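Structure record follows, encoded as structure tokens.
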Amino acid sequence: MWRWIRSVRPSEADNPARPAFGRDRLAVQLALLTFVAIGFVFFLSKGTTFLMPGPLSSAHGGIEKCDACHSKSGSGKLSWTNGLVAGDPHADSKACLTCHKMPDTAFNAHSASADVLKQSTRRLAKIAARTSQPQSAKAQSIAFPAHDVAAKGLTCATCHQEHQGVNFKLGKITNEQCHSCHVVKFDSFDGNHPKFDAYPFKQRTPIVYDHAGHFDKHFPEVAKKDPAKRIPATCSTCHNSNTDNRIMAVVPFEQTCSTCHLDQITGKARASGPKGIAFLTLPGLDLQSLRKKKAALGEWPDASEAVLSPFMKVMISRTEPGRALLKTLDSVNLQELSDASDDQTKAVTSLVWEIKELVHSLISGKASDVLGDLNIGEGKLSASLVTDLTASIPRDVLISAQQQWLPNLATEMANRMGTDGQNQSDWNTVTTDSNRTGPASPAAQSDKEQREAGQSDSGKSEDSADQPVEADARDEAESDKPKADDRKAAGTVKRDPPACMVRVLGQCLVVKGQEEDANLQPESGKAKSPVSKLSPAMRAGLTEVAQAAEPNGAPSASAATGQSDELLFPTDAELREMKGLIKDADKSTQPHGADGTPDAAANSADSPPAPAAPVISIDSNVDPESWADYGGWYRQDYAIFYRPIGHKDKFLYSWLYLTGPQAPKGETSPAAAVFDGLTGKDAQGACTKCHSVDDIQGKGRVVNFSQPSVESKQGRFTSFIHEPHFRSMSDRGCLTCHAIEKDRAYLKSYEQGNPQSFVSNFGAVKKELCQSCHNSAMARQDCLTCHKYHVNGVMTPIMSTRVPNQ
């Protein structure tokens, strides 16, 4: 048999392909064996981890399922075959964004916006035009062209390659990867890397600080004038990077700057001008001309020389009628109105009542209600902002000012409300009609109006005199409001009598010169106030009331108008008693001896000693402005001033914050007037002496109160950390890199509003300085040493885990 097999098989010599046939059969057998083995693995293994091309990095080591990152991979063991069909190239990158928080521009180069990339490309193209490329970079561009890769959108896997092992750094990017896209190509930092262009001073700092001026002038002068003052000795006195080592921050104001600048803020160092800011004013008016033109102003002080403050203009211009009113008076000199037109005279009259209504509302209401809807900017102002805008002005300051400036304001506003049908809180209503300018004082009413008022009141005078109203402190506010039924029955508005200070036979006498609330109703059933205890001004007023009657007891001349108010025109018996009280009052004012008894030379022998008048005020030699030495509110002449209390004053900050966006440079609006007044060269508070002012494109201006922060560094490609470089500096310290260049127009660059137009106190950092360490023989010099890819950073958000229900 064996012989027969050998005889039928061809010999190797006869068939040289025999060995190849054997190897092919072996290969087939091995392939079948491999297929069977893989099948066993597929069906017997758990999960799909055996399909991974390599282990994950430590950052992603906890991921077990492929479809967590690979969108085309399902949970099945054969789902990998879905990747053989083309799909969305950014699908897997979108899966990365489920954990990594990125902006909407995540797939742009450097995850930057299109505008930023456009500016950067334009700048780099200029640099590339004057920078020679190494031969290696040119060869790479020819072999692997990638100039259009970024235009299609970059995927995460373009730079971050996974499955490289546990110790692999996903954020590592080689210089070759960077060069593949950039138009500026170079081999290394100490090779063809472009030179720096004015680094790092491309934008001015928020704080205006002239280093050269302080070092050469201010510090030596202060040290010579007051050696006890603390003068910075090193750069670290004012700068530190403890909060974030990427930012060389400035220490708080109180640690250094307050030594010299605190007195400038509070006004102690002001050489001239008021130390406070005029907030509320009663502007001086040409009252003589207004009286000739019969303008119905009511009472108004004739000694005021103040001007209408810009803050009041803002408050008045909160409505369209108010803005029209101020526009009419824009070119009018309020203290010279002899040539004023009728429309201007009406506008001045309306302005007077606007101011009265504003003061009345600030006293009778709340500032948050009166000023809560200032239409500056967008949205309703919060109560806290309104509180800062008024610096929590005490109500007593407004009341004392009103009592001195406009003692009969409550009566005037009550009458105005009755004639105009307005609410007291509707302080912003501007009336330019001469018939709606508000009631004049009784002396200014025409004879016809007085006769009509007398006829209307005559029917009610007797009843009202017999029924005095007793009001306590709780009912004062309600007593200010005239009742509609009374107005309707009387045909006109009856003024509320002033506060009762002296009573005769149960009736209240009007006391001229008092500074109490004019709205209190007369009281009955109480003991008479002794005239001897009244102040000289009150006794003088009582004498004037008594002299208003004729000697024979007949009514005075003003009664001829038809008025019959028994409180103003007493009977014969009341007049006799009044004369007796006035006689006693005159005795109480006579001089007394050293022991407190009446002087015998001045008083008659039978005159009883009268008690001394009570002291109602305390004289002080300190003027109000000096009294508010540490800031706060004070009243002087016909203005209420606010004096800054120190650094970060909320009043100054809130008004600058509110008016800045609505105050473009060159505007003449009330908001711009406030902003210009608070940011001027000699402005109180001196905010812009240190804080720069930037123009907002297409809007207004903003004062830079915030210090540089990590957020302000967003969007930058270059990242520099100061701390590691401190040890490598020479004896010159910070001046090693930041050399002061004197005689540069540093302060001049802050006079305009463009922060990009800037001249620094320091010279630019040169590439040669960095290259002394960062070269192939010493420190690292790869691209990521100074540059970062994601300009805005990458964050991992926290989980939104709900609190479990109990």
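A few comments on the model shown:
- Taking every alpha-carbon pair under 8 Å whose residues sit at least 6 apart, the range 71-219 reaches a relative contact order of 23 percent.
- Note on D695/R130: beta-carbon distance plugged into 1/(1 + (r/R0)^6) with R0 of 30 Å gives a FRET efficiency of 0.35.
- Full-stretch length increase - R246, R123 - with 0.36 nm per residue and alpha-carbon distance subtracted: 41.8 nm
- The range 694-767: relative contact order in percent, alpha carbon pairs under 8 Å with at least 6 residues between: 29
- Global form of the range 677-806, assessed from the alpha-carbon gyration tensor, a/c cut-off 1.5: oblate
- With DNA, RNA and ligands ignored, accessible area of C238 (1.4 Å probe; Å², nearest 10): 30
- Distance from the Cα centroid of the range 28-51 to that of the range 95-166 is 41 Å (rounded to whole angstrom).
- The charge dipole of the range 79-136, taken about its Cα centre with unit charges on the Cβ of Lys, Arg, Asp and Glu (plus for the first two, minus for the last two), comes to roughly 460 debye.
- Measuring nothing but protein heavy atoms, the accessible surface of the range 623-755 at 1.4 Å probe radius is 51 percent carbon and sulfur.
- Taking amide H atoms as placed 1.01 Å from N in the peptide plane, the amide H of H691 lies under 5 Å from those of V208, each 5 or more residues away in sequence or on another chain.
- H239 paired with K101, simple spin-label distance in nm, labels 7 Å along Cα-to-beta-carbon: 3.1
- Two-site FRET efficiency, Y199 against K169, from Cβ-Cβ distance with R₀ of 30 Å, rounded to 0.05: 0.60
- Computed from label points 7 Å out along Cα-Cβ, the spacing between A303 and S258 is 4.0 nm.
- Solvent-accessible surface (1.4 angstrom probe) belonging to T679, in square angstrom, nearest 10: 30
- Residues whose placed amide H lies under 5 Å from that of K665, excluding near-sequence neighbours: none
- Annotation: for a label point projected 7 angstrom from Cα along Cα→Cβ of R732, residues of the range 759-779 with backbone N closer than 11 Å are 763, 766, 769.
- Förster radius 45 Å - calculated FRET efficiency between K681 and L287, Cβ distance, rounded to 0.05: 0.80
- Surface listing: I393, I277 arranged by accessible area from highest to lowest gives I393, I277, probe 1.4 Å.
- Under a model in which nothing but the beta-carbon of Lys, Arg (+1) and Asp, Glu (-1) is charged, the range 198-270 shows a dipole of about 120 debye around its Cα centre.
- Sequence of F705, F651, F35, F186 from largest to smallest accessible area, 1.4 Å probe: F35, F705, F186, F651
- Between H218 and K46, the modelled labels are 7.2 nm apart [label points 7 Å from Cα along Cα→Cβ].
The values are calculated or read from the model by the stated rules, or taken from the named source; none is laboratory data. Only a predicted model underlies this, so the values are computations on that prediction, with no experimental measurement involved. Don't worry about glycine lacking a Cβ; one is built from the backbone with ideal geometry, like all the others, and counts go over all protein chains shown. Areas reflect the complete protein model, heavy atoms only, side chains present, ligands, DNA and RNA absent. Shrake-Rupley method; radii C 1.70, N 1.55, O 1.52, S 1.80 Å.
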